[in-house]
Amino acid sequence: MVVVMRPNTCQEDIERLVERFKRMDLDVGITNGVGCTILGLVGDTACVDMDKISMNPHVERVMRVQEPYKKANRKFHPEDTCVQVGTAAIGGGRFSVVAGPCSVESEAQIISVAEDVKEAGAALLRGGAFKPRTSPYSFQGMGLEGLELLLEAKAATGLPIVSEIMSPKYVDVFEETVDVVQVGARNMQNFDLLKEVGRMSKPVLLKRGLSNSYEEWIMSAEYIMAGGNENVILCERGVRTFETYTRNTLDVSAIPAIKQMSHLPVIVDPSHAAGLYWMVEPLAMAAVAAGADGLIIEVHNDPPHAKCDGQQSLTPEKFGHLMGRIQGLVDLMGKTLVR
Ligand code: PEP
Ligand code: MN
């Protein structure tokens, strides 16, 4: 971190600030220019509050030279992280596909979709039991019963299960049931939830918020990792833009950018990005080509009658087609598709 002092600040005021930084266990390099002094702070500056320092009347400008995230930072962890979930693996050259309905709707539905996606090559089963719906009058999910049905589908197919947590009060239940805890886009900056999930032993699939920057997204991963849970999978699911043709705009740039910034695996959700079932396969292909470590795809046995997100859900047949197309591309990227 670099602190530029205002021109002609007296030596006493500079020394007072330097002492304050030293009390924070930081080393301070002092450069005296013509009428201007620059302080270079070295050490753990992640906990330094930039806004507080800029409030000092003798400070002109404060700049970070290092990112505010440590555990998620590629600089301190150059190798790719691979998150292992049973036999599935995401990252470090292993590519897995998570597939299943937006919401668990019944025993017959979730078991039938689980069997179909397994057959097509998915490595994990998704299914929402607690749904974050825009309208309070829309289907809110089956709740705890939905989690029970996911366990039945897991028992029938052997697929590990991924489901979204919306409230810290369900942390213990999720710890007992799911294999991967999903934190949805709307909760990406629910810091109380992130802290609780950070105490869990289960891997976390952290979706990018509706309008969040890469740094904000990685800082949310940092919250989870700071709590002790370092198995975080980042998921790009499209962001809000001026375009209304699609539900969101898939930010393909997020894949190489995040890989540069962080060692955490990145997967892509083309279903929520497009909001249109026929666009899911081309976006999935783009994601693989851009270096994604996995995909999460909505699949429903009867999309026109789905209780949630039918318009963006693939039939099992279409999902089978997508899996066939991405297999060759995953190979071309030098990765292994885990089935
Ligand atoms: C979902 O995966 O069902 C979901 C609600 O996604 P998002 O949080 O990305 O909107
Ligand atoms: Mn959905």
Checked segment 220-241 for anything open to solvent by less than 60 Å² (accessible area, probe 1.4 Å) and part of a helix (DSSP H, G or I); matches are SER220, ALA221, GLU222, ILE224, MET225
Sole miss for ARG133 among (1) under 18 Å from the mean Cα position of the chain (by Cα); (2) within 16 Å of ligand 2 (Cβ to nearest atom) is condition (1)
Conditions (1) within 16 Å of ligand 2 (Cβ to nearest atom); (2) under 14 Å from the mean Cα position of the chain (by Cα) -> GLN189 fails only (1)
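Here is a yes/no grid of residues against (1) open to solvent by 10 Å² or more (accessible area, probe 1.4 Å); (2) of a type outside the set (A, V, I, L, M, F, W, C); (3) within 13 Å of ligand 1 (Cβ to nearest atom):
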| position | (1), (2), (3) |
| --- | --- |
| GLU243 | yes, yes, no |
| VAL252 | yes, no, no |
| HIS272 | yes, yes, yes |
| LEU295 | no, no, yes |
Result of the Cβ filter at 6 Å on segment 173-198, keeping first residues that are closer than 25 Å to LEU151 by Cβ and partners that are within 16 Å of ligand 1 (Cβ to nearest atom) and of a type in the set (Lys, Arg), at least 6 apart or interchain, is GLY184/LYS207
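Please count how many residues of segment 171-215 are in a helix (DSSP H, G or I) and either farther than 21 Å from ARG247 by Cβ or hydroxyl-bearing (Ser, Thr, Tyr) (or both). Working first, answer last.
At the first step, the residues of segment 171-215 found to be in a helix (DSSP H, G or I) are 171-177, 185-187, 191-197, 214-215.
Applying the additional criterion that residues be either farther than 21 Å from ARG247 by Cβ or hydroxyl-bearing (Ser, Thr, Tyr) (or both) yields 171-177, 191-197, 214-215.
Residues meeting the conditions: 16.
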Scanning segment 14-37 for residues that are touching a strand residue (DSSP E or B) at 6+ places or on another chain (Cβ under 8 Å) and among the charged types (D, E, K, R), the one surrounded by the fewest Cβ atoms within 10 Å (Cβ to Cβ) turns out to be ASP27
Note on segment 182-198: residues open to solvent by 10 Å² or more (accessible area, probe 1.4 Å) and more than 13 Å from ligand 1 (Cβ to nearest atom) are PHE191, ASP192, LYS195, GLU196
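Across segment 242-287, what is the total count of residues that are assigned to a helix (DSSP H, G or I), charged (D, E, K, R) and over 13 Å from the mean Cα position of the chain (by Cα)? Working first, answer last.
We begin by selecting, within segment 242-287, every residue assigned to a helix (DSSP H, G or I); these are 254-261, 270-274, 277-287.
If we keep only those that are charged (D, E, K, R) too, we end up with 259, 281.
Add one more test, that the residue is over 13 Å from the mean Cα position of the chain (by Cα), and what stays is 281.
Number satisfying all stated conditions: 1.
Going by the conditions given, is ASP179 open to solvent by 50 Å² or more (accessible area, probe 1.4 Å) and acidic (Asp, Glu)? Show your work before the answer.
Numbers: open to solvent by 50 Å² or more (accessible area, probe 1.4 Å): no; acidic (Asp, Glu): yes.
So ASP179 fails the test.
Can you pull out the strands (runs of 3 or more DSSP E) entirely within segment 72-170 that have at least 2 residues that are buried (at least 21 other Cβ atoms within 10 Å of the Cβ) and within 14 Å of ligand 1 (Cβ to nearest atom)?
Result: 94-100, 124-126, 161-164.
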Residues that are of a type in the set (Ser, Thr, Tyr), open to solvent by less than 60 Å² (accessible area, probe 1.4 Å) and under 30 Å from ASP302 (Cα atoms): does segment 44-55 have at least one? no
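The values are calculated or read from the model by the stated rules, or taken from the named source; none is laboratory data. These numbers come from a predicted model, not from an experiment. Reconstructed Cβ throughout: ideal geometry from the backbone, glycine too, with neighbour counts over all protein chains shown. With ligands, DNA and RNA removed, areas are computed over all heavy atoms of the protein, side chains included. Shrake-Rupley method; radii C 1.70, N 1.55, O 1.52, S 1.80 Å.
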